[in-house]
Amino acid sequence: MFLRIISTLGHSIAKYLSVKICVAFFALACSFHTSHAQPSPLAIHAANTHKVNIGAIKPALDTRLSNKVHETSGLLWWNNQVWTHNDSGGEPALYAVDTTTGKVVKKVVVANATNIDWEDLAQDDNYIYIGDFGNNAQGNRNDLKIYKVKKSDVKSKTKVEATVIHFSYNDQTRFAARGSENTNFDCEAFIAYGDSLYLFSKDWVDNKTRLYKLPKTSGTYTAVNIGALNVHGLITGATIIADKRVVVLTGYNPLMMPFIYLLYDFTGNRFFDGDKRKINIKQHFLQVEGICPITDTNFYISNERFRKLINKPAMLQTINLASLLDPYYATLSSKAMPVAKQEAIHSFKKKDLPELK
């Protein structure tokens, strides 16, 4: 769903000009910032271990996605394909897309599901999880759920059945309508790790993200808040490389400046207690929505179509975080801390790697 920077094109000229001025100002600021030399990878990891904001990266690839997935939201790399889905109100379906042409190459309908507000995808060895937990319209949904689909079915069929994980938040006690994009109980990002699902909230009011834990089995549960982090923005996607203890979040700030937020070298599920890096993405008005790893250091990101004063088509891009992650990987002991066995999110082996375009 589009961020409502301007609710209609009929707003006042003054409002229009103020946005234009903001765009010009931030474009100039980013241009000035990126003209300076970046620190070495080792300096980033060692000398600046307590710094979170460390510069900017430029995406590559630039594949325009089919109009069939113009509201792409979640992103998944599985079975040597990128999978995605549309945002609220779209068909309850998963789409495999060609990373070169952006065309849909397979569509799998979840027959017993409704796309109220699908926002993200997660996976483990045997299942794909679909998060129907978008809640930005009024912040008062009482039907939050996650669909759980067998990978074997997705691989072999075009219509599948899902089991359902119903949930509510343990710290949400008021359900009065709060107005559009005015809640801290929205969510667009989650991961599967061990025997649990972990949700990262999208807090419109305070620009933080809170971490919630849920079981992965079907049933009705209360998602438990186990931490919070001030990301100074809106979190829209998440992925994990479990045995490297790396979580990567995507998001954007209220002025539509996108960023990546790295969480790594954590213990257990204490994702916010490890090292952190926030890296801006060198693009303006990019409503980045999804992220998934291609390798241990390369990731696909996607953005949905944006049409407010300027036009941004839905795109699939790549980002390379090797300069940030390789120095950390080099410090990992041969006696790595144990993690839950999840082959779907382990480090990538040579045979698993796609050919990068």
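What follows draws every value from the coordinates through simple rules; no lab data is involved. Remember, it's a predicted structure, so these values are computed and weren't measured experimentally. All Cβ positions, glycine included, derive from the backbone under ideal geometry; neighbour counts span all protein chains shown.
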Cα principal axis extents for segment 104-193, largest first, Å
43, 26, 20
Could you tell me which of rounded, prolate or oblate describes segment 64-332, using a ≥ b ≥ c as the square roots of the eigenvalues of the alpha-carbon gyration tensor, with rounded for a/c under 1.5 and, failing that, prolate when a/b is larger than b/c and oblate otherwise?
rounded
Return Phe271, Phe285 ranked ascending by Cβ neighbour count within 10 Å, so the fewest neighbours appear first.
Phe285, Phe271
Added length on full extension, which subtracts the Cα-Cα distance from 0.36 nm per residue, Ala60 to Asn142
25.6 nm
Pairs Lys213/Lys244; Lys106/Lys216; Lys107/Lys278; Lys151/Lys216: which are spaced more than 23 Å apart, C-alpha to C-alpha?
Lys106/Lys216; Lys107/Lys278
Expressed in angstrom and rounded, the centroid-to-centroid distance over alpha carbons for segment 183-224 and segment 59-113 is 23
Calculated FRET efficiency, Ser156 and Thr100, Cβ-Cβ r, R0 41 Å, to nearest 0.05?
0.95
